[in-house]
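The values are calculated or read from the model by the stated rules, or taken from the named source; none is laboratory data. What you are looking at is a predicted structure, and each value in this text was computed from that prediction instead of being measured. When we count neighbours, we look across all protein chains shown, and the Cβ atoms used for this are built from the backbone with ideal geometry, even at glycine.
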Amino acid sequence: MDRVETREVECFVAVAEELHFGRAAERLGIAQPPLSRTIGRLERRLGVRLFERTSRRVELTAAGSVFLAESRRALDAMDAAVRRTQRAARQQRLVVATRPGTGPGLMARILRAYERLPGAVPVEVVFTHDQAGALRSGVADLGLMCARGDLDGMTTVELAQESAVALLPPGHRLAGRPAVVFAELAGEDAYRENRPTDTLDQIVELVSLGRLVVVVGASVTERIGDTVVAVPVVDVPATRLVLAWPGGGTDAARTLFTRTAQAVATNRDELERAS
């Protein structure tokens, strides 16, 4: 089979999303007859029918639905490759994606240590709840994230293991306990299994008002103040905090940043064990 061309894929996606050759042609800025010929040529290349066409409607076949999902991923990957290539050609810098709320903690210590080193490049921090998406789209070069996330196709370096704590209002019946088990929290009306996408300040405020009980990583305890209580959850496995990036390859700035992050995280763990 001849290699499918990117323009053919773009034409297919337009028709598949519009399910109308006229609207798809207008969206692509071309006439309808060349678009129809392009789709026909693509179907011949693939050896399958992508659309069922009548005089009144256009529908995707089962094969067409599969090819649409794959085509979107392929076009997204191409866009990401272009962004990463363009960034590499400009003045070198690193873009690091991390979850909102990590700035005052580990990330701040990593940045302070990294920026003092010879060979350090400017670092831009992007706050997002979808670090993996930022990496795959080419928006970020590195992601500081929990290993339980979507890491398919990513290279990772572990920084630390983080135990779980429950955030509770000071007057809560479990707040004075040295530790709790997950079942005790799950029975609470205010308990939410998934951590809200609010900022840490907003989460702390909701907990302090008795509107939320949530399990988070122990690192937040240094930033929550005294309006809520953090109680260890003994039967929730520790999460692995990692730096991740797409694929392999070597990059001097990324390597230096990664080694710095490992050193900072290790020193933090040693200090915590000694305290």
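At-a-glance table
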item: Count of residues meeting criterion [touching a residue at least 24 places away in the same chain (Cβ under 8 Å), within 33 Å of the chain's Cα centre (by Cα) and crowded, with 17+ Cβ neighbours inside 10 Å] in the range 11-41; result: 5
item: Count of the range 223-254 residues which are loosely packed, with under 12 Cβ neighbours inside 10 Å and either at pLDDT 90 or above or β-branched (Val, Ile, Thr) (or both); result: 1
item: Residue under evaluation residue 56, criteria (1) assigned to a helix (DSSP H, G or I); (2) assigned by TED's automatic domain parsing to the domain that holds residue 11, criterion not met; result: (1)
item: Top-ranked residue in the range 105-158 [being under 9 Å from the mean Cα position of the chain (by Cα) and in a loop (DSSP other than H, G, I, E, B); ranked as surrounded by the fewest Cβ atoms within 10 Å (Cβ to Cβ)]; result: 129
item: Filter result for residue 236 (in a loop (DSSP other than H, G, I, E, B) and touching a residue at least 60 places away in the same chain (Cβ under 8 Å)); result: yes
item: Residues that are modelled with pLDDT of 85 or more and either surrounded by 15 or more Cβ atoms within 10 Å (Cβ to Cβ) or among the aromatic types (Phe, Trp, Tyr) (or both), drawn from the range 193-209; result: 203, 204, 205, 206, 207, 208
item: First in the range 53-64 and under 16 Å from residue 43 (Cβ atoms), second anywhere and assigned to a strand (DSSP E or B), Cβ under 7 Å, 6 or more apart; result: 58/51; 59/51; 59/52; 60/51; 61/51; 61/52; 64/51
item: Any hit, the range 80-102, residues being in a helix (DSSP H, G or I), of a type in the set (Lys, Arg) and either modelled with pLDDT of 90 or more or at positive phi (or both); result: no
item: Sole residue being within 16 Å of residue 97 (Cβ to Cβ) and at pLDDT 85 or above, chosen from 134, 164; result: 134
item: Subset of the range 30-53 (residues that are more than 23 Å from residue 77 (Cα to Cα) and either of a type in the set (Lys, Arg) or not in a helix (DSSP H, G or I) (or both)); result: 30, 31, 37, 41, 44, 47, 48, 49, 51, 52, 53
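Quick grid of which residues meet (1) in contact (Cβ under 8 Å) with a residue 24 or more places away in the chain; (2) acidic (Asp, Glu); (3) assigned to a helix (DSSP H, G or I); (4) in the same structural domain as residue 105 (by TED's automatic domain parsing):
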position	(1), (2), (3), (4)
175	yes, no, no, no
185	yes, no, yes, no
203	yes, no, yes, no
216	yes, no, no, no
219	yes, no, yes, no
222	yes, yes, yes, no
